[in-house]
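Written out below as structure tokens is the structure these notes cover.
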Amino acid sequence: MLGNEATNFFRESFRRQGWKDRVTEMWKARNPKYAARNTGRAILINSGRLRNSIRLISHSFSLTEIGTDVPYAAAHNWGFSGRVNVPRHQRRGRDGKYHEVQAHTKQMNMPRRQFMGNSDTLEKEIERIIDREIDKIFSI
């Protein structure tokens, strides 16, 4: 029950377009350079793979673990600045033809757009659920 609550809370960040702790921290807007090709699409939503990958990993009496197996999740959640290796690939040009792109390195500066982590709001909701379930047990 608590795992489902946390999973839904984290996924809700994608609808909210921000991280909710004591206050909601809205995600930084896209770089204007990329905004035109993403018109009408929410930030961090392309195929929905990242949002849909958030799930209950394990649970026990004392621990519930929520996570994702998407390799780029941490870079988005915590932000990233550094050089990345871009492998050789093909890209379609404006002429509609595919062109070979050589392997190279590229500087990336990705802003933090947190969607998972500790949240006072989530903790309060979990406490409320636990209190409600305890009250059910003792009201029998």
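The values are calculated or read from the model by the stated rules, or taken from the named source; none is laboratory data. On a predicted model such as this, the values are computed, not experimentally measured, just so you know. Because the Cβ atoms are built from the backbone with ideal geometry, glycine has one as well, and the counts that use them run over all protein chains shown. Only protein heavy atoms, including side chains, enter the accessible area calculation; ligands, DNA and RNA are left aside. Shrake-Rupley method; radii C 1.70, N 1.55, O 1.52, S 1.80 Å.
Side notes on the structure shown:
- In the assembled protein chains, His59 presents an accessible area of approximately 130 Å² (probe radius 1.4 Å).
- Surface composition of segment 71-118: carbon and sulfur make up 50 percent of the accessible area, probe 1.4 Å.
- Each peptide in 122-135, 4-17 gets a packing score, the mean of other Cβ atoms within 10 Å over its residues, and the list from highest to lowest is 4-17, 122-135.
- Counting only alpha carbon atoms, the long axis of helix 120-138 and the longest principal axis of the chain meet at about 30°.
- Space enclosed by the convex hull of the alpha-carbon atoms of the chain, per residue, Å³: 149
- The portion of the accessible surface of segment 1-52 made up by carbon and sulfur, rounded to a whole percent, is 48 (1.4 Å probe; DNA, RNA and ligands excluded).
- For the pair Val86 and Glu100 in one chain, pulling the backbone fully straight at 0.36 nm per residue adds 3.8 nm over the alpha carbon distance.
- Surface accessible to a 1.4 Å probe, Thr121 within the full protein complex, Å²: 50
- Taking a ≥ b ≥ c as the square roots of the eigenvalues of the Cα gyration tensor, segment 25-86 is prolate, since a/c reaches 1.5 or more and a/b is larger than b/c.
- Projected label distance in nm at Ser60 and Lys136, using a 7 Å step from Cα toward the beta-carbon: 2.5
- Given charges at beta-carbon only (K, R positive; D, E negative), |dipole| of the chain in Debye: 1280
- Accessible heavy-atom area order of Met1, Met110, highest first, probe of 1.4 Å: Met1, Met110
- Surface analysis of the chain yields an accessible area of 74 Å² per residue, using protein heavy atoms and a 1.4 Å probe.
- Nearest 10 degrees, 0 to 90: helix 2-16 Cα axis against the chain principal axis: 40
- In the chain, the calculated helix contribution to ellipticity at 222 nm averages -10000 deg cm²/dmol per residue, counting -39,500 (n - 2.57) for every DSSP H run with n ≥ 4.
- Between Gly67, Gly96, Gly117, the residue with the greatest mean-square fluctuation in the GNM of the chain (Cα pairs under 10 Å linked by springs) is Gly96.
- Top of Arg92, Arg112, Arg55 by mean-square fluctuation, Gaussian network on the chain, Cα under 10 Å: Arg92
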